[in-house]
Amino acid sequence: MRKIVILLIILTIAAQFGCARNKKPDEYHEDAMLSRLPFVYKMPVQQGNIVSKDMLDQLQLGMNRAQVRYLLGTPLLTDMFHSNRWDYTYTMQRGHQPMEKKPLTLFFEDDALVRIEGFVPPDPDQGIPGEDNPEIIVKVPDYEDRPGIIGRTLDAVGLDRD
């Protein structure tokens, strides 16, 4: 009986030390060994409201909430304690690069936009609606079929890749 009690005490102490770790097992972020290697692909992740410069150029002080919501969309964060503040937040994580954060905060008084804070201040002179803007032409290079290692091997042997 005494051996069983001692065994239970030892198992209880061992279980307590086994649970006392600094890191949780589901934390995979930057501590994983493979995530720091340059050849490991990390998918780009974008989250939040995408607010372009054209949208900000159309934004004007004095607009009501419905007009702002129509122009920029529903805000990502609306605080019930600060109902006169809307937060549009956009984050982009590209591979191994640091995360880009673009916060935009709008302040209202009496259902009218009174202040804008954020990553790009609006420029009303640049994006006047109805003004003729020059077209932007983007040249895309032609598709070039480059066979991989298996395709090159099949070509060297003389077999069809189909």
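A few points about this structure:
- Contact annotation: no residue pair with Cβ atoms under 7 Å, 6 or more positions apart or on different chains, pairs a residue in segment 53-80 that is surrounded by fewer than 13 Cβ atoms within 10 Å (Cβ to Cβ) and among the basic types (Lys, Arg) with a partner that is at pLDDT 90 or above and in a loop (DSSP other than H, G, I, E, B).
- Hits in segment 69-110 (condition: closer than 30 Å to residue 37 by Cα and of a type in the set (Val, Ile, Thr)): 89, 91
- Condition check for residue 140: at pLDDT below 70, more than 28 Å from residue 69 (Cα to Cα) and within 28 Å of the chain's Cα centre (by Cα): yes
- Count of residues meeting criterion [outside any helix (DSSP H, G or I) and in contact with a Gly (Cβ under 6 Å, 6 or more places away or on another chain)] in segment 52-102: 4
The values are calculated or read from the model by the stated rules, or taken from the named source; none is laboratory data. Owing to the predicted nature of the structure, the values given are computational and were not obtained by experimental measurement. For neighbour counting, all protein chains shown are included, and Cβ atoms are generated from backbone atoms with ideal geometry for every residue, glycine included.
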